[in-house]
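Enquirer: Just passing along the structure, written as structure tokens.
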Amino acid sequence: MNNTRIAAIDVGNDSIKAIFGEVEYELNIPNIVARDTEDRPVIGIEELDDKNPLDGIHIKVHSPALKENNAIYRIGNLATKSNNATELDPGSSKSEEDQTLIMLFTTLALDAVNEENARVFPRVKNVIDANYTLGTGLPLREVKEGKDAGYRSKLSGSVHQVEFLVTPKYQGIKVNIKFDEVKVYPEGFAAYINLVMDNNLKIINKDLIDRQILIQDIGGLSTDIAVIKNRNVDDDKAQGFNLGVSESLEAIREEIRSKHGVELDSRRDVVDIITKKNDRNHIMVKGSRTSVHDITDRILLDLAKKQYRLLRNVWSKNSQTEICYFVGGGATVLKDYLKTLNNNLDGYNIDFFEDEKESIWMMANAYYKLITDFVRKAEKQKVAEAKKPVAN
């Protein structure tokens, strides 16, 4: 494990959440890419290095794991300004999309070029060699289909290169990424770990560990409902569904465009309108503050009803469940609608995380806990084996 750096990365449909090292560095990048050319035009190129690299990620990616190799992309905030920006489509599998890998490699490369890591990774001229021990995850449905093994094998055993092109501060730097270890966790199990354990995997929520609970993780493209019994995910009862918030966000975006003539750059803009603290569900139309409540309420209430139906169906098959926790970015968007439905209908014992950051970062935090525990155990085993007497 020498010269390897811990990375815990949640490739969410809305954004990438990543934690590195000893929790000293975090990254959150919108999950948006756009194909581009090598020399993107920049106004005032001499001032490029004064800008934030996260606002100008422009890269070439080389990896044997990609279907389209050596392609050039704008990533994140920069990609939202492109006419050809792409976000993951409903029904797609996270483990099989180039975009998942491109975002993963980009996030790791942004950590590797951070000047704080000059003492960790060797650099010869403009080339950095970076080794990582990675903890990440896939939706429960994909893990149950066995896609985690293929995803892990794509990452392990190869060198993946990210070359920064016209990117502030990092122009011309290449990062070679290798993995010493890759752990792929099912998202429902990860959510449970984060609920009951701290960073050292010490139990912090004793009330929950021996209860039968559901965890409904609402993402952009899918929803996982984990059934927790006897401190483990019940693999037979746990279910994954191709129902997330992306389609509804896209419908809101399209209706705002057709009704008000306002073009929003991405689904992230829609989320901001729905969740912002002030002037929630309002946009500016020709300089006038305009409500879009009628659009957002109708579309999101319809999605909340579908999510509530999933809860009802899974709960009916697990009648001794004591509580369901709603987690993930989708739960943040639908929270008020789900609470209203529950109060008017079945009155299940449900709960949400009032701290929105905690809910959105739950997976990344869980992967961090799990991968650091793996590293600790591996180090302990290495020390134990070194102390074993050598046989004559």
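The values are calculated or read from the model by the stated rules, or taken from the named source; none is laboratory data. On a predicted model such as this, the values are computed, not experimentally measured, just so you know. All Cβ positions, even for glycine, are placed from backbone atoms using ideal geometry, and neighbour counts span all protein chains on display. Calculation scope for accessible area: heavy atoms of the full protein, side chains included, ligands and nucleic acids excluded. Shrake-Rupley method; radii C 1.70, N 1.55, O 1.52, S 1.80 Å.
Enquirer: Please go through the stretch 30-55 and pick out each residue that is at pLDDT below 90, among the hydrophobic types (A, V, I, L, M, F, W, C) and surrounded by 14 or more Cβ atoms within 10 Å (Cβ to Cβ).
Expert: Of everything in the stretch 30-55, those that are at pLDDT below 90, among the hydrophobic types (A, V, I, L, M, F, W, C) and surrounded by 14 or more Cβ atoms within 10 Å (Cβ to Cβ) turn out to be Val42, Leu48.
Enquirer: Of the numbered conditions (1) within 19 Å of Ser93 (Cα to Cα); (2) more than 17 Å from the chain's Cα centre (by Cα), Asp207 fails exactly one; give the number of that condition.
Expert: Of the numbered conditions (1) within 19 Å of Ser93 (Cα to Cα); (2) more than 17 Å from the chain's Cα centre (by Cα), the odd one out for Asp207 is (1).
Enquirer: Provide a single number: the residues in the stretch 202-227 that are of a type in the set (A, V, I, L, M, F, W, C) and touching a Lys or Arg at 6+ places or on another chain (Cβ under 6 Å).
Expert: 2
Enquirer: List the residue pairs whose Cβ atoms are under 9 Å apart, where the first residue sits in the stretch 255-274 and is in contact (Cβ under 8 Å) with a residue 60 or more places away in the chain and β-branched (Val, Ile, Thr), the second is surrounded by 15 or more Cβ atoms within 10 Å (Cβ to Cβ) and assigned to a helix (DSSP H, G or I), and the two are 6 or more positions apart or on different chains.
Expert: Within 9 Å, the pairs are Val271/Leu249; Val271/Gly329; Val271/Thr332; Val271/Val333.
Enquirer: Right, next: Just the residues that are part of a loop (DSSP other than H, G, I, E, B) and closer than 14 Å to Ala251 by Cα, please, taken from the stretch 261-282.
Expert: The first filter runs over the stretch 261-282 and keeps only residues part of a loop (DSSP other than H, G, I, E, B), leaving 261-266, 276-281.
Residues satisfying the conditions are Val262, Glu263, Leu264, Asp265, Ser266.
Enquirer: Exactly one condition in (1) open to solvent by 10 Å² or more (accessible area, probe 1.4 Å); (2) closer than 30 Å to Glu47 by Cα; (3) not in a strand (DSSP E or B); (4) not hydroxyl-bearing (Ser, Thr, Tyr) is false for Asn176; which is it?
Expert: Failing condition for Asn176: (3).
Enquirer: Just for strands (runs of 3 or more DSSP E) wholly inside the stretch 57-152: which have at least 1 residues that are open to solvent by less than 50 Å² (accessible area, probe 1.4 Å), among the β-branched types (Val, Ile, Thr) and farther than 25 Å from Arg35 by Cα?
Expert: 127-138
Enquirer: Restricting the search to the stretch 168-193, which residues are touching a Lys or Arg at 6+ places or on another chain (Cβ under 7 Å) and of a type outside the set (A, V, I, L, M)?
Expert: Residues of the stretch 168-193 that are touching a Lys or Arg at 6+ places or on another chain (Cβ under 7 Å), as a first pass: 168, 182, 184, 193.
Pro168, the sole residue that qualifies.
Enquirer: Of everything in the stretch 138-184, what is at pLDDT 90 or above and closer than 20 Å to Val375 by Cβ? Give them in sequence order.
Expert: Answer for the stretch 138-184, where residues must be at pLDDT 90 or above and closer than 20 Å to Val375 by Cβ: Asp148, Arg152, Leu155, Ser156, Ile177, Lys178, Phe179, Asp180, Glu181, Val182, Lys183, Val184.
Enquirer: Also: Limited to the stretch 305-327, what total is found for residues that are in contact with an Asp or Glu (Cβ under 9 Å, 6 or more places away or on another chain) and of a type outside the set (Lys, Arg)?
Expert: The total comes to 9.
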